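First up is the structure itself, then whatever we jot down about it.
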Amino acid sequence: MILGKNGKWMWLTSKAACMGDLIEKCPQSIVDKFVLVTSLDSGLVILNEQQLNDGWKYLVKESHNPDFKDQPQREGVFSLSPRVSNPADIPRDICHGNMYDEWYVFNSPPQIESAEVFINWGGFGFSIGHIGLNELEKHSFEDRFWNQLSVINPHAYIADNGTLLFSTADGNLYEQAVMAIQDVEREVLTACDAKSPTDINDCTT
């Protein structure tokens, strides 16, 4: 696990843990909150009739092409949950699969029409400082993320692209998330210690 801070935003990343681990061990990160899903397995959430009846809704930004005045173009389609009581109700990919899931968590329903989706960009993550000239483009992209996070101002950001990404400005929640992921990483190390030498390469630390 790597810990860091950008302005008021405290963050962590972990290759050993996944979204499901965080939600299972730190459910308070989303329970009694509203979750905006901007990416599910690198795509959009298609809500079914039951979800719509339960209070899920689409947040859509539309633009109008002057050449097709009667045909608005959808630029972004995100799915907003009702107030979460059961974390399992939030659609997500399986742990350690080819997941590209991204959530913004709010204390109240947000007034957002559109947002840039970052998790689907290869290699997206949080880092500490500039490593070299070849990293400048990555850091410029990362700066856009932090700028957007400050504008949207969620209670938490949770995403997964094979690495768990978590950020919040809530110090108490951050400490709880760190302890939860530490537990997961200890479990992974214990499982790795129990493996035979031929299986040890399967372990993620």
Report the full-extension gain for the segment residue 24 to residue 192: residue separation times 0.36 nm, less the Cα-Cα distance, to one decimal in nm.
58.4 nm
Env charge @ residue 28, Cβ radius under 15 Å, K,R +1 / D,E -1, value -3
Pair residue 179, residue 41: separation of 7 Å Cα→Cβ label points (nm):
3.5
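On a full-extension model of 0.36 nm per residue, what is the gain between residue 8 and residue 107, subtracting their alpha-carbon distance, rounded to one decimal in nm?
Once the chain is fully extended between residue 8 and residue 107, it gains 33.9 nm.
Where a number appears in this text, it was derived from the coordinates with a stated rule and is not lab data. Keep in mind it's a predicted model, so treat the numbers as computed, not measured. Because the Cβ atoms are built from the backbone with ideal geometry, glycine has one as well, and the counts that use them run over all protein chains shown.
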